[in-house]
Amino acid sequence: MTTFSFQSLTRRAFAGTALALMTALATPLAAQETVKIGLIASLSGPSSKSGEAITRGMMLAIEEINADGGLLGMPVELIRRDDEGNPGKGLTAARELVQREGVAVLFGGLQTPVSLALVPYMNQSQKPFMGPWAAGTPITKNGAEENYIFRVSAVDEMVDIALVERAMSVHGAKNPGMMLINNPWGESNEKGLTAALEAAGLPTAGIERVEANDIDVVPQLTRLKEAGADAIFMVANVGPSAQVMKSLERMGWDVPVVSHWGPAGGRFSELAGPRAKDVEMIQTFTFSGNDSPMAAETLEALKAMFPEIKGPADVTPAVGIANAYDAMHLTALAIKNAGSLDGPAIRQGYYDIETHEGLIKTYENPFTPDDQDALGPEDYVFTRFIDGEIIPIE
Amino acid sequence: MIVSTLITGLALGSMYGLMALGFHITYAVSKTVNFSQGSSMMFGAVMGYTFMVTLGWPFWIGIPAALACCAVLGLVVERLLVRPFAARGSDAWLMATVAGGIVLDNVVLFTFGKEPRSLPSPFTESAVEFLGTGAYPLQLIIPVVGLAIALGLTLVTTRTKLGKAMLASVQRPEAARLTGVNTQTVIAASFAISAVFAGVAGLLIAPLFNVSSGMGLIFGIKAFAAAILGGISSAWGVMIAGILYGCIEALTTAYIGSSYTQIVSFSVVILVLVTVPNGLFGRAELKKV
């Protein structure tokens, strides 16, 4: 039988730690030849398509920035890490990118739990963090005295008001229920939806949870149905959202489903089956049905950069691309304003942005110390999946 | 609500039971288990998708081919991750099988792809009316398949030469060897059968869920809970415990609320083990002193 020696492990562990520390300390952070921008996102798993979309948006913007001479006389370089949707892995990757790679700004946190795990570390490190996807309210409204967290994306509390308004005005909902993913993103929206329903004077038929690996959510939906739910607010990523729609199909329950943008991040049409098209989901941008010249130009640029993109249907989810594209250009302006790669200076640089013509809209003073979210309810649009393409609802 | 909930619970529980049978069969023969059983389940679903969707093979070739791949996987697990450690009397097979599962999950992640896929089945195309509620035909088929496999396993172990050889291998290894039973082959066969059971579970659950590299982890954990709950030494015990576990989950969700599902179901496992340490249907081992 093999024997296990704690003593030998301790010596090895000590040697390994010492070597790692020496390597880390020896890394010349200031002597970088490129402006490094980090990205931490789900690059594998059910939401990987969203991670790829963010990557594409950033790469396109970086190519344009580099073609224009780069930043501070240096080319911009993107360094990516996969968090697998895991907050612990996200935090480890953030430490690596900030401490070892010396990134100037860190993008990321596709999922709210990952972003929330990164917020204290980024504020403590005084490194700007840009969120191009995760919508949890406390990500930017985190209570820090010096807040380094910025976002070009939807914000849960505002999305929730829009969801309630749509359920009431379009579907005449008087007793809606909630199907929420069982994680901090679900909790964030439970608060937002409860507050929005209270403000609208509506009760809720019930609040049910769905797990990432739930195969059948008929029991949860049956509870809502028996409580008289006349609409469902759905807040979940691609996999569990698909299971909700499959379970509704099994029950034969034809109830309006008004959703946060979770289903947009993957093969929702394929996974959810025939009921996929019934989901009305909020987005901040679509290429389909968008007649702005900049949208057309960006789509052409994407086709040139990624040959697998043939048309609007191939840039799903478009929000990931658009949010990341605009966020990268806004970040470039912040670095130019700062004139250095110093974290506090870049943070001030974000506040100093006056006007920027972006893909989603023209930004006017997008960030202030009181509001570090560049997008608001006026930028939201309701959409649905038709044949795998996200189409705005007229 | 009760019928709809029980359909959910029976289908899910049968999956747990089927995978738990895999834990049972290797334990019964060699006192070891394959902790990468969840990965074996995922492997069955991924190979099924590859053969039937990617390559377009008909199901009557695709399903046996996927299960054959699972059998080979089981043999590899036994040969590389269990036998070398068990032969030295070490319990390191426990960690080796866990690590093997993680390796397999990641290999599939990089070869099969990052995104979950949908495995179409004629039994999930539309729901049917059953006892006043909607159900996919597959949800009704799964418990039948699970119970049939448990029955088949019982018949094989009690009525056939192979089954008796398997039991003899664990009860009297030396005597079995002297009577011509190749115990090592029997143990390897038990791991192959165990992985095939997991593969069957994967192929059955995939059309209701999806196919992805990470799909087996949570099933593997719950199936092991079912195996312990039922008493890992009893084939019928683990199958019934699996069904019970699935029904507890579904009933808790329906009548108490989904926030409490995991708390209640795992608390029941703990409570049962405190009260009946060998599981609901298991027997304490005799120790000669």
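The values are calculated or read from the model by the stated rules, or taken from the named source; none is laboratory data. Given the structure is predicted, the values throughout are model-derived calculations rather than measurements. For neighbour counting, all protein chains shown are included, and Cβ atoms are generated from backbone atoms with ideal geometry for every residue, glycine included.
Condition first: in a helix (DSSP H, G or I), without any contact (Cβ under 8 Å) to a residue 40 or more places away in the chain, small (G, A, S) and surrounded by fewer than 20 Cβ atoms within 10 Å (Cβ to Cβ). Can you find one or more residues in region A:342-352 that meet it? Steps first, answer last, please.
In the first step, residues of region A:342-352 are kept if they are in a helix (DSSP H, G or I); the result is A:343-351.
After this cut, where a residue has to be without any contact (Cβ under 8 Å) to a residue 40 or more places away in the chain as well, the list is A:345, A:348-349, A:351.
Narrowing further to those that are small (G, A, S): A:345, A:349.
Remaining after also requiring surrounded by fewer than 20 Cβ atoms within 10 Å (Cβ to Cβ): A:345.
Within region A:342-352 (the criterion being in a helix (DSSP H, G or I), without any contact (Cβ under 8 Å) to a residue 40 or more places away in the chain, small (G, A, S) and surrounded by fewer than 20 Cβ atoms within 10 Å (Cβ to Cβ)), the answer is yes, since at least one residue qualifies.
Which of (1) among the hydrophobic types (A, V, I, L, M, F, W, C); (2) within 14 Å of another protein chain (Cβ to nearest Cβ); (3) buried (at least 24 other Cβ atoms within 10 Å of the Cβ) does A:A154 not meet, given it meets every other one?
(2)
Do we have A:I232 as at pLDDT 95 or above, under 21 Å from A:E157 (Cα atoms), assigned by TED's automatic domain parsing to the domain that holds A:M168 and within 26 Å of the chain's Cα centre (by Cα) here?
On the way: at pLDDT 95 or above: yes; under 21 Å from A:E157 (Cα atoms): yes; assigned by TED's automatic domain parsing to the domain that holds A:M168: yes; within 26 Å of the chain's Cα centre (by Cα): yes.
Criteria met by A:I232.
Please tell me if B:A189 is touching a His at 6+ places or on another chain (Cβ under 8 Å) and within 29 Å of B:F85 (Cβ to Cβ).
Working: touching a His at 6+ places or on another chain (Cβ under 8 Å): no; within 29 Å of B:F85 (Cβ to Cβ): yes.
No; evaluated as a whole, the condition is false for this residue.
For region B:174-275, which fully contained helices (runs of 4 or more DSSP H) count at least 3 residues that are within 11 Å of chain A (Cβ to nearest Cβ)?
Working: elements: B:183-205, B:217-230, B:235-255, B:261-275.
Counting at least 3 such residues, we get B:217-230, B:235-255.
Please determine, by comparing only the residues of region A:92-139 that are assigned to a loop (DSSP other than H, G, I, E, B) and charged (D, E, K, R), which one is surrounded by the most Cβ atoms within 10 Å (Cβ to Cβ). Break it down stepwise before answering.
Taking region A:92-139 and keeping what is assigned to a loop (DSSP other than H, G, I, E, B), we get A:101-104, A:109-111, A:126-128, A:132-136.
Checking the rest, the ones that are also charged (D, E, K, R) come to A:101, A:127.
Values: A:E101: 17, A:K127: 25.
Top of the filtered list is A:K127.
Could you list, in sequence order, all residues of region A:140-156 that are part of a strand (DSSP E or B) and not aromatic (F, W, Y)?
First, the residues of region A:140-156 that are part of a strand (DSSP E or B): A:149-151.
Once the filter is applied, which keeps residues that are part of a strand (DSSP E or B) and not aromatic (F, W, Y), region A:140-156 yields A:I149, A:R151.
Please enumerate the residues belonging to region A:78-95 that are of a type outside the set (A, V, I, L, M, F, W, C) and in contact with a strand residue (DSSP E or B) (Cβ under 7 Å, 6 or more places away or on another chain).
Of all residues in region A:78-95, those of a type outside the set (A, V, I, L, M, F, W, C) come to A:80-90, A:92, A:95.
Scanning region A:78-95 gives A:R80, A:R81, A:D83, A:G90.
Sort out which residues of region A:226-271 are within 9 Å of chain B (Cβ to nearest Cβ), of a type outside the set (S, T, N, Q) and free of Cβ contacts under 8 Å to residues at least 40 places away in the same chain, and write them in order of number.
Once the filter is applied, which keeps residues that are within 9 Å of chain B (Cβ to nearest Cβ), of a type outside the set (S, T, N, Q) and free of Cβ contacts under 8 Å to residues at least 40 places away in the same chain, region A:226-271 yields A:E226, A:A242, A:K246, A:E249, A:R250, A:M251, A:G252, A:W253, A:L271.
Could you list, in sequence order, all residues of region B:49-96 that are within 14 Å of B:K31 (Cα to Cα) and in a helix (DSSP H, G or I)?
Within region B:49-96, B:E78, B:V82, B:R83, B:F85, B:A86, B:W93, B:L94 qualify.
Go through the residues of region A:46-66 one by one and say whether even a single one is small (G, A, S), modelled with pLDDT under 95 and more than 18 Å from A:I321 (Cβ to Cβ).
Taking every residue of region A:46-66 in turn, none turns out to be small (G, A, S), modelled with pLDDT under 95 and more than 18 Å from A:I321 (Cβ to Cβ).
What number of residues in region B:64-89 are under 25 Å from B:T183 (Cβ atoms) and free of Cβ contacts under 8 Å to residues at least 60 places away in the same chain? Working first, answer last.
Of region B:64-89, the ones under 25 Å from B:T183 (Cβ atoms) are B:67-68, B:70-89.
The next check asks that each one be free of Cβ contacts under 8 Å to residues at least 60 places away in the same chain; those that pass are B:68, B:76, B:80-81, B:84-89.
Qualifying residue count, region B:64-89: 10.
Quick check, is B:A92 surrounded by 16 or more Cβ atoms within 10 Å (Cβ to Cβ), within 14 Å of chain A (Cβ to nearest Cβ) and free of Cβ contacts under 8 Å to residues at least 60 places away in the same chain? Spell out how you get there, then give the answer.
Values: surrounded by 16 or more Cβ atoms within 10 Å (Cβ to Cβ): yes; within 14 Å of chain A (Cβ to nearest Cβ): yes; free of Cβ contacts under 8 Å to residues at least 60 places away in the same chain: yes.
Yes, satisfied.
Are any residues in region B:1-17 within 28 Å of B:A168 (Cα to Cα) and either within 14 Å of another protein chain (Cβ to nearest Cβ) or not in a helix (DSSP H, G or I) (or both), and if so, which ones? Please lay out each step first, then the result.
Narrowing region B:1-17 to residues within 28 Å of B:A168 (Cα to Cα): B:16-17.
Across region B:1-17, the qualifying residue is only B:Y16.
Could you tell me which numbered condition B:A86 fails, if it satisfies all but one of (1) surrounded by 13 or more Cβ atoms within 10 Å (Cβ to Cβ); (2) within 13 Å of chain A (Cβ to nearest Cβ); (3) out of contact with any strand residue (DSSP E or B) (no Cβ under 8 Å at 6 or more places or on another chain); (4) closer than 17 Å to B:A45 by Cβ?
Answer for B:A86: the failing condition is (4).
What's the number of the condition B:S30 fails, among (1) at pLDDT 90 or above; (2) crowded, with 21+ Cβ neighbours inside 10 Å; (3) away from chain A (no Cβ under 13 Å); (4) farther than 30 Å from B:T261 by Cα?
The number of the failed condition is (1).
What number of residues within region B:95-112 satisfy the criterion of being surrounded by 15 or more Cβ atoms within 10 Å (Cβ to Cβ) and closer than 29 Å to A:G273 by Cβ? Steps first, please.
Taking region B:95-112 and keeping what is surrounded by 15 or more Cβ atoms within 10 Å (Cβ to Cβ), we get B:96-98, B:100-101, B:104-105, B:108-109, B:112.
Okay, now just the ones that are also closer than 29 Å to A:G273 by Cβ, so B:104-105, B:108-109, B:112.
Summing the residues that are surrounded by 15 or more Cβ atoms within 10 Å (Cβ to Cβ) and closer than 29 Å to A:G273 by Cβ in region B:95-112 gives 5.
Name the single residue that is nearest to the chain's Cα centre (by Cα) among those in region A:53-84 being under 23 Å from A:W185 (Cα atoms) and touching a residue at least 60 places away in the same chain (Cβ under 8 Å).
Result: A:I54.
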